[in-house]
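Working notes for the structure below.
The values are calculated or read from the model by the stated rules, or taken from the named source; none is laboratory data. Because the structure is predicted, anything quoted here is derived from the model rather than measured. Every residue, glycine among them, receives a Cβ derived from its backbone with ideal geometry; neighbour counts consider all protein chains shown. Calculation scope for accessible area: heavy atoms of the full protein, side chains included, ligands and nucleic acids excluded. Shrake-Rupley method; radii C 1.70, N 1.55, O 1.52, S 1.80 Å.
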Amino acid sequence: MAAKVDGETIVGLKPVMGYLHRNHEKIGERNTYLLNMPFTDRLDYFCSMSNNFGYALAVEKLMGIKPPERAEYIRVIMAELTRIVNHVSTIGFLLNDLGAYFTPILYAFEERELILDIFEAVSGSRMMCNYFRFGGVARDLPAGTLDKIRDLVFERLSRKIDELELYLTNNEILRHRSEGVGVLTPEQALAYSTTGPVLRASGVPYDLRRADPYGIYDRFDFDVAVRYHGDVYDRYLVRIDEIRQSIRILQQAVKDIPEGPIQEGKPQYQVRVPAGESYGRVEGPKGELGFYIVSTGKPNPWRYHVRAPSFINLTPLELMCIGQKVADVVVILGSIDIVLGETDR
Amino acid sequence: MSNPSIALETDLTHIFPDMIKSDERQGYEGYIVEPAQLVYFLTRLRDELGYDYLSSVTGVDYLPEGKMEVVYHLRKSTGGAPLVIKTQVARENPVVDSIVSVYPGAEFQEREAWDLLGIRFDKHPDLRRILMWEGFDGHPLRKDWREGYFEEDSKPFKSRWPDGHFKRSEQINPFGKNVDYPAGFDPETWIPEPETALYAGLDKMVRGVEETAIDTEQIIINLGLNIHPHTVYFEWRLR
């Protein structure tokens with residue numbers, strides 16, 4: 001970022017990016033459809049399951065297939081666990097930026113590790129999961145995994161979030177540093193195309209899981225977390241709320257998950273994708289994650305575009321920072337929650 | 001709960017008969033709008049039909065047809081499926097009106113489309129490369145742009161499959177010859193002009209800041225960011 005300051009006050013700011021650019025989209029056009037699945041893990045390496053989900057939805061829309069029931073439930077469970085992983089680490093890192101160096105993040109990482117253990121059990125990898133397939137998921141849950149997830153969502157997670165809140169939510173330093181900082185009004189948030197917690201903390205109750213449901217999200221009972229001040233503190237609160245809602249969804253999902261197949265048809269190495277365009281999108285932990293795919297009927301996509309929330313949420317950064325102090329810029333950036341693997345692609 | 005099919009059921013060609021036509025290509029959806037009327041059309045969509053939220057802007061290079069297409073996904077903040085709007089221009093020197101004045105959220109996405117596809121957006125407030133650097137030759141997402149180690153358009157490459165032989169990209173593309181620069185560009189003597197442009201952009205963007213009693217001086221600082229989330233450290237560079 002290049003910032004222009006008057007004394008300590010920001011009067012202008014430009015994000016400068018691209019240092020981690022690897023032309024994801026060009027490589028994605030060379031790859032076959034399935035080869036892109038592990039490649040999406042590398043976008044936002046904190047939430048690879050959500051990335052898989054969005055890409056799988058886009059290609060499935062073109063192919064006109066739907067995964068079987070059990071796979072749908074597994075997908076929702078994984079996507080919501082990913083959201084918890086992302087939000088606890090975001091909260092931890094935000095505190096890092098506020099100067100509470102590495103103590104909160106270690107509390108957060110404790111929960112993250114437990115969830116990553118589940119990811120490792122189902123997919124073989126902690127972070128680069130590569131778990132979703134077109135029309136299903138790669139393999140069924142191993143024995144005992146569902147019990148582990150039950151344990152987490154019914155017994156452990158909500159208590160741990162309570163504990164986190166007990167330490168943080170009314171912490172004087174946190175509130176002083178974050179209340180009224182980096183304010184984005186609802187009109188601005190919409191006009192600047194922000195999504196996810198940034199948009200919802202500004203008082204716009206827009207969540208794709210509700211607004212344009214995908215998968216089986218229309219079956220679950222949950223609230224769209226929304227806060228109204230649009231400052232850093234509200235973005236923190238929205239994330240806490242969302243973790244609680246994710247736990248609610250998870251509790252319903254692990255209760256209802258049926259037995260059955262996990263893949264529609266036979267697993268294929270080379271899928272046949274008819275010509276056309278499709279836009280698959282999910283409410284990722286950071287916002288709307290979209291995949292725009294144009295197919296010409298060949299084994300590789302003609303165009304593969306990633307609508308990256310970390311990238312687009314940076315557009316109003318200058319707006320949020322103007323008039324704030326230099327030290328607050330760090331906090332504001334932390335509250336947007338960007339991952340450079342996705343910003344630069 | 002909104003009805004996700006509303007956007008698809010309403011036929012916008014009745015409302016805007018001379019501006020748009022529906023996209024008839026097999027497997028495609030949405031509408032194609034005349035480039036000249038794009039901004040006017042989107043303004044009316046936003047103000048009259050409630051598409052107040054721009055989801056994504058991107059471009060597609062249709063090399064065989066010689067066309068460059070810009071794709072907009074619009075949404076209503078009250079919910080529903082996205083509305084897909086496209087506009088097509090000639091592939092040679094494509095110019096489309098910028099929609100930043102209607103949807104400010106398009107700013108970075110249009111810069112990205114310019115950077116990667118070479119679509120110029122007229123009246124964009126700050127059209128510079130965003131992901132690539134200025135010493136990069138061409139626009140990499142164009143279908144006729146080829147990387148230095150180019151083998152084939154699509155994987156699996158014949159050199160590697162099914163026999164398993166392959167050449168390392170260093171062999172195809174020896175060190176020292178593996179980078180192309182734009183004509184007239186010499187990295188040794190290059191003075192990063194874009195930084196000047198960047199700082200000039202900062203000057204342009206100065207908005208009303210209250211006058212303080214203290215006599216302060218305006219300086220520019222660079223803040224560096226680690227690649228991993230949030231761990232920001234400072235690198236002060238004063239100008």
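A single member of A:V339, A:V330 is within 8 Å of chain B (Cβ to nearest Cβ), at pLDDT below 90 and within 23 Å of A:Q245 (Cβ to Cβ), and it is A:V339.
Can you tell me how many residues within segment A:31-51 are part of a helix (DSSP H, G or I) and out of contact with any Asp or Glu (no Cβ under 7 Å at 6 or more places or on another chain)? The total comes to 8. Mind listing just one residue for me: the one in segment B:77-112 that is crowded, with 21+ Cβ neighbours inside 10 Å and more than 17 Å from the chain's Cα centre (by Cα) and, of those, nearest to B:S22 (Cα to Cα)? In this case the residue turns out to be B:L83. Residue-level analysis places B:W145 among those that are of a type in the set (A, V, I, L, M, F, W, C), within 12 Å of chain A (Cβ to nearest Cβ), closer than 23 Å to A:H305 by Cβ and without any contact (Cβ under 8 Å) to a residue 12 or more places away in the chain. Can you confirm whether segment A:96-106 contains a residue that is modelled with pLDDT of 85 or more and more than 10 Å from chain B (Cβ to nearest Cβ)? Yes: one or more hits. Any residue that is farther than 30 Å from A:L164 by Cβ and crowded, with 17+ Cβ neighbours inside 10 Å - is there at least one of those in segment A:212-235? Yes, because at least one residue in segment A:212-235 is farther than 30 Å from A:L164 by Cβ and crowded, with 17+ Cβ neighbours inside 10 Å. Residues that are more than 7 Å from chain B (Cβ to nearest Cβ) and hydrophobic (A, V, I, L, M, F, W, C) within segment A:1-15 comprise A:I10, A:L13, listed in sequence order.
Report yes if some residue within segment A:319-336 is touching a residue at least 40 places away in the same chain (Cβ under 8 Å), buried (at least 24 other Cβ atoms within 10 Å of the Cβ) and not in a helix (DSSP H, G or I); otherwise report no. No; the residues of segment A:319-336 include none that is touching a residue at least 40 places away in the same chain (Cβ under 8 Å), buried (at least 24 other Cβ atoms within 10 Å of the Cβ) and not in a helix (DSSP H, G or I).
Evaluating A:T296 against the criteria (1) open to solvent by 10 Å² or more (accessible area, probe 1.4 Å); (2) within 22 Å of A:G99 (Cα to Cα) leaves one unmet condition, (2). Considering only residues in segment A:276-316 that are free of Cβ contacts under 8 Å to residues at least 40 places away in the same chain and basic (K, R), the one that is nearest to B:R25 (Cα to Cα) turns out to be A:K298. When segment A:278-296 is limited to residues that are more than 9 Å from every other protein chain (Cβ to nearest Cβ) and of a type outside the set (V, I, T), the one that is nearest to A:I216 (Cα to Cα) turns out to be A:E283.
State all residues of segment A:155-195 that are among the aliphatic types (A, V, I, L, M), assigned to a helix (DSSP H, G or I), in contact (Cβ under 8 Å) with a residue 40 or more places away in the chain and open to solvent by less than 40 Å² (accessible area, probe 1.4 Å); if no residue qualifies, say none. Those that are among the aliphatic types (A, V, I, L, M), assigned to a helix (DSSP H, G or I), in contact (Cβ under 8 Å) with a residue 40 or more places away in the chain and open to solvent by less than 40 Å² (accessible area, probe 1.4 Å): A:L157, A:I161, A:L164, A:L168, A:L174, A:A189.
Does any residue of segment A:69-92 turn out to be open to solvent by 20 Å² or more (accessible area, probe 1.4 Å), within 13 Å of chain B (Cβ to nearest Cβ) and out of contact with any strand residue (DSSP E or B) (no Cβ under 6 Å at 6 or more places or on another chain)?
So the first thing to find is which residues in segment A:69-92 are open to solvent by 20 Å² or more (accessible area, probe 1.4 Å), and the list is A:69.
Cutting the leftovers down to within 13 Å of chain B (Cβ to nearest Cβ) gives us none.
No, the conditions are met nowhere in segment A:69-92.
Only one of the numbered conditions (1) under 16 Å from the mean Cα position of the chain (by Cα); (2) in a loop (DSSP other than H, G, I, E, B) is violated by A:L81, and that is (2).
Go through segment B:30-87 residue by residue and tally those that are hydrophobic (A, V, I, L, M, F, W, C), more than 30 Å from B:R146 (Cα to Cα), within 13 Å of chain A (Cβ to nearest Cβ) and touching a helix residue (DSSP H, G or I) at 6+ places or on another chain (Cβ under 6 Å). Walk me through it before giving the result.
Kept after step one, since they are hydrophobic (A, V, I, L, M, F, W, C), are these residues of segment B:30-87: B:32-33, B:36, B:38-39, B:41-42, B:45, B:49, B:54, B:57, B:60, B:63, B:68, B:70-71, B:74, B:81, B:83-85.
Applying the additional criterion that residues be more than 30 Å from B:R146 (Cα to Cα) yields B:33, B:36, B:38-39, B:41-42, B:45, B:49, B:54, B:74, B:81, B:83.
With the extra rule that they be within 13 Å of chain A (Cβ to nearest Cβ), the set shrinks to B:42, B:54, B:74, B:81, B:83.
Then drop every residue that is not touching a helix residue (DSSP H, G or I) at 6+ places or on another chain (Cβ under 6 Å), which leaves B:54, B:81, B:83.
Number satisfying all stated conditions: 3.
Tell me which strands (runs of 3 or more DSSP E) are completely within segment B:1-105 and hold 3 or more residues being farther than 21 Å from B:L117 by Cβ, or say none if there are none.
Values: elements: B:20-22, B:31-33, B:53-62, B:67-75, B:83-90, B:95-97.
Where strands (runs of 3 or more DSSP E) fall fully within segment B:1-105 and carry at least 3 residues being farther than 21 Å from B:L117 by Cβ, they are B:20-22.
From the list A:E259, A:E288, A:E264, A:E342, pick out the single residue that is among the charged types (D, E, K, R), open to solvent by 10 Å² or more (accessible area, probe 1.4 Å) and either under 19 Å from A:R42 (Cα atoms) or out of contact with any strand residue (DSSP E or B) (no Cβ under 8 Å at 6 or more places or on another chain) (or both). Steps first, answer last, please.
Values: A:E288 fails: open to solvent by 10 Å² or more (accessible area, probe 1.4 Å); A:E264 fails: either under 19 Å from A:R42 (Cα atoms) or out of contact with any strand residue (DSSP E or B) (no Cβ under 8 Å at 6 or more places or on another chain) (or both); A:E342 fails: open to solvent by 10 Å² or more (accessible area, probe 1.4 Å).
The unique qualifying residue is A:E259.
Only one of A:R248, A:R272 is under 29 Å from A:L168 (Cα atoms) and more than 13 Å from chain B (Cβ to nearest Cβ); which? First the steps, then the outcome.
Working: A:R272 fails: under 29 Å from A:L168 (Cα atoms).
Answer to the selection: A:R248.
Scanning segment B:105-120 for residues that are under 12 Å from A:L314 (Cα atoms) and without any contact (Cβ under 8 Å) to a residue 24 or more places away in the chain yields B:E107, B:F108.
All of A:R235, A:R239, A:R210 fail the test of being within 11 Å of chain B (Cβ to nearest Cβ), under 17 Å from the mean Cα position of the chain (by Cα) and within 24 Å of A:S158 (Cβ to Cβ), apart from A:R210.
Within segment B:130-149, one or more residues are open to solvent by 50 Å² or more (accessible area, probe 1.4 Å), among the basic types (K, R) and part of a loop (DSSP other than H, G, I, E, B).
Answer yes if at least one residue in segment A:12-21 is in a helix (DSSP H, G or I) and touching a residue at least 12 places away in the same chain (Cβ under 8 Å), and no otherwise. No, that holds for no residue. Residues that are of a type in the set (D, E, K, R) and under 19 Å from A:V330 (Cα atoms) within segment A:159-197 comprise A:E172, A:R175, A:R177, A:E179, listed in sequence order.
Which ones in segment A:142-153 are over 12 Å from A:L250 (Cα atoms) and open to solvent by 20 Å² or more (accessible area, probe 1.4 Å)?
In the first step, residues of segment A:142-153 are kept if they are over 12 Å from A:L250 (Cα atoms); the result is A:142-145, A:147-148.
Matches in segment A:142-153: A:P142, A:A143, A:G144, A:D147, A:K148.
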